[in-house]
Amino acid sequence: MPKSPEPTAGLARLERLYLGTACFCAGAAMMVIEISAARLLAPMFGNSIYTWTALIGVILISFSIGGYLGGRLADRRAGMEVLGWLLAVAAVLTFAIPALGALITPVLEGSGFIDGPIFYSLLVLAVPGALLGAVSPASVRLYSLTWKDTHVGGAAGTVSMLGSLGSFVGTFLSGFVLLGAFGVKSIFIGCALLLLLLALCAFALGRVLMKSGVRVVVAAVLAGGTSAVSKTPANESVIHERESYYHHIKVIETGAAPRRERRLQLDSTSEGGINPDTGALILDYQHFWRLAAMDGRKISSALFIGAGAFGMPCELSREHPGASVDVAELDPQVIEVGREFFNLDKHPKVRAHAGDARHFLRIRADNRWDMIFGDAYNGVHAIPPHLATREFFQLVSDRLSPDGVYLMNIISAVQGRHAELLGGMLSTLREVFPNVEVFAVHPGVRQTVQNIIIMASHQNRLESVTGRRHTSGSVAARLAASHIPARQAPASGVVFTDDFNPVDSIIARSLLR
């Protein structure tokens, strides 16, 4: 087996310092790449558990394969040049990630929410992940050689510790700093520059800087330049676009005044919309908040869990001018977009609160609302699991006025194989509320996934909806006609709790079907 020349004491210390730095930075870069890559997948596949599961799974497999191959490579050829090439190729491929992502996006356009993220991650991230996974085992061998192979265990422990610390720093740096301060493309280019610098240092220590470094720099410049100029296909209807800690946010406008439609899109999902000229709602399900006032009663207080495009809370405020309307929205950037594009500032009685809805309910122990409307989603189908449990619904119940009503929007079928989510929600809500009713936006469609509105209360509110005469063709008449009798809805399902909550699994099964 070829060996590198034994280093002097000073050079050995320098090599150990470099190897520790390389392992630390490679671990950090891997986590930054992984977390940032979720932002590339989100516009196509959403920011759901399916996206993260596919992404993390592919990275772990790649890292494992890289670890095995890196160890075998270090046994065959132990030298700084080998480590330099691992880092150099990883750097070039990291430079190319935005361009590769833009290239394969049209190819995967029709993929599902499970297989799409898997194929995307395999095509774009698997190889750089394997190369970075090979850095640590290669470094262990080189580190031990600086001690003349007398401290192999210490070398392994040091490299493992520094790699793990780097991963920790990369994780926190991504989540708390980078994604809020820089664009995704800039983050990838920054990571690639760091890996390129480490590669050039390895070539310098291996005394092959001029021989190998020039070629690597040329390849990096080409890959980085391609990514810098690459763009996703332009969409003329997008009038605003930004990144937040939670979402890729777009505001999309179509049509012409006075019939314009402006929608809020978070990642791959349309979250709601209004006519910006009149403030009118444009999506059918947005009108179902009116179920809380079908008997003519005035709503004095309301809470919306999830802002959407602020259409529902603003319309409620217009129709019930004295009402105090709260909105619990996780993403503060969505609130800013609401102020700028969805007329939020024109409704001073609508108060938006940035933060988790369950935490908001917990700290507002003295509040009582006449209506709470749950409309929080992560992607097209994914409900935040902690907002769909018996314990959460009990908290909702505690914050309702005595004759208050809880309305919840879910994406499910009324009957058939795709109704499993509805069955679970009904069973869970009935653990807390004695009166639970189902309304379908398209009541004639039973086995196809659609918006389902569940109404839960401690008082029987159904008579106020279906037992009254409504003007033909009116919104009230359509809402009354959308009621699904209990005998036609799922009779039973799994009760979701904080301890046992298979919401994600149920949705995944529905997607696979």
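The values are calculated or read from the model by the stated rules, or taken from the named source; none is laboratory data. Bear in mind that the values here come from a model prediction, so they are computed numbers and not experimental data. Every residue, glycine among them, receives a Cβ derived from its backbone with ideal geometry; neighbour counts consider all protein chains shown.
Some notes on this structure:
- Positions within the stretch 471-491 being under 20 Å from I411 (Cβ atoms), assigned to a loop (DSSP other than H, G, I, E, B) and in contact with a Leu (Cβ under 9 Å, 6 or more places away or on another chain), in sequence order: A489, P490
- Test: residue in the stretch 434-451 that is crowded, with 18+ Cβ neighbours inside 10 Å and of a type in the set (D, E, K, R): yes
- Odd one out for V92, checked against (1) among the β-branched types (V, I, T); (2) assigned to a helix (DSSP H, G or I); (3) farther than 30 Å from V214 by Cβ: (3)
Residue by residue, here is whether (1) under 22 Å from M371 (Cβ atoms); (2) touching an Asp or Glu at 6+ places or on another chain (Cβ under 8 Å) holds:
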| position | (1), (2) |
| --- | --- |
| V441 | yes, yes |
| S457 | yes, yes |
| T466 | yes, no |
| S472 | no, no |
| H483 | yes, yes |
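A quick yes/no check of all residues on (1) of a type outside the set (G, A, S); (2) part of a helix (DSSP H, G or I); (3) touching a strand residue (DSSP E or B) at 6+ places or on another chain (Cβ under 6 Å); (4) modelled with pLDDT of 95 or more:
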position: F24; (1), (2), (3), (4): yes, yes, no, yes
position: A37; (1), (2), (3), (4): no, yes, no, no
position: M44; (1), (2), (3), (4): yes, yes, no, no
position: I56; (1), (2), (3), (4): yes, yes, no, no
position: I59; (1), (2), (3), (4): yes, yes, no, no
position: G71; (1), (2), (3), (4): no, yes, no, no
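- Just one of the listed residues (G306, G311) is within 30 Å of T171 (Cα to Cα) and in contact with a strand residue (DSSP E or B) (Cβ under 7 Å, 6 or more places away or on another chain), and it is G306.
- Of G166, G180, G175, all but one fail to be touching a residue at least 12 places away in the same chain (Cβ under 8 Å), more than 13 Å from E34 (Cα to Cα), within 25 Å of the chain's Cα centre (by Cα) and surrounded by fewer than 20 Cβ atoms within 10 Å (Cβ to Cβ); the exception is G180.
- Answer from D504, D499 - the residue that is acidic (D, E) and touching a residue at least 60 places away in the same chain (Cβ under 8 Å): D504
- Residue selection: S64 satisfies the criterion of being among the hydroxyl-bearing types (S, T, Y), within 23 Å of Y120 (Cβ to Cβ) and modelled with pLDDT of 90 or more.
- Just one of the numbered conditions (1) modelled with pLDDT of 80 or more; (2) not assigned by TED's automatic domain parsing to the domain that holds I33 is not true of E236: (1).
- A single entry from S472, S482, S457 fulfils the requirement of being more than 25 Å from P385 (Cβ to Cβ) and surrounded by 21 or more Cβ atoms within 10 Å (Cβ to Cβ): S482.
- Summed over the stretch 406-456, the residues that are outside any strand (DSSP E or B) and either more than 22 Å from G308 (Cα to Cα) or not assigned by TED's automatic domain parsing to the domain that holds R290 (or both) give a count of 24.
- Of all the residues in the stretch 365-416, those that are surrounded by 22 or more Cβ atoms within 10 Å (Cβ to Cβ) and of a type in the set (D, E, K, R) number 2.
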